[in-house]
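One structure below.
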Amino acid sequence: MLSLMTAAVTALGWVGAVAGLVAYAMVSRGKWRPDSVIFQATNVSAASILMTVAAVNGVWPSAASNIAAIAIGANALFVVARARGRKARGSGTPSATPVVQAESAVRATFR
């Protein structure tokens with residue numbers, strides 16, 4: 001039974017790793033925008049999976065760094081949603097892209 005659990009956790013880890021790499025490749029090739037919901041959601045999903053796998057295996061530095069990635073991605077998703085809401089209400093376009101806004105918000109959080 002333990003080997004089945006190990007195999008499932010390993011497979012889950014590969015899913016997370018591939019999802020993260022796909023997101024990175026899609027942005028690098030210009031197929032996805034860094035401020036797109038699909039990119040940010042894929043990153044948050046990949047980090048969530050990898051954090052779970054790291055925690056199950058007791059790899060706490062990796063789990064902690066993935067928690068940080070989840071927080072950053074969740075904040076970026078919030079900023080993207082807020083910017084889209086503003087745009088839909090007709091209050092103009094934001095002065096910076098949502099990712100730049102998210103990065104500024106994260107920097108302000110850690111100051």
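The values are calculated or read from the model by the stated rules, or taken from the named source; none is laboratory data. All of these numbers come straight from a predicted model, not from anything done at the bench. We place every Cβ from the backbone using ideal geometry, glycine too, and count neighbours over all the protein chains shown.
Structure values in brief
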read-out	value
Every residue from the range 34-51 that is surrounded by 17 or more Cβ atoms within 10 Å (Cβ to Cβ), over 17 Å from Ala71 (Cβ atoms) and without any contact (Cβ under 8 Å) to a residue 24 or more places away in the chain	none
Selection within the range 75-98 - at pLDDT below 65 and either aromatic (Phe, Trp, Tyr) or part of a helix (DSSP H, G or I) (or both)	Pro98
Ala54 among the small types (Gly, Ala, Ser), crowded, with 18+ Cβ neighbours inside 10 Å, in a helix (DSSP H, G or I) and at pLDDT 95 or above	yes
Residue pairs meeting the criteria (Cβ under 9 Å; at least 6 apart or on separate chains; first in contact (Cβ under 8 Å) with a residue 40 or more places away in the chain, in the range 10-33; second part of a helix (DSSP H, G or I) and of a type outside the set (A, V, I, L, M, F, W, C))	Leu12/Thr52; Gly13/Thr52
Test for Leu4: is it in a helix (DSSP H, G or I) and modelled with pLDDT of 95 or more	no
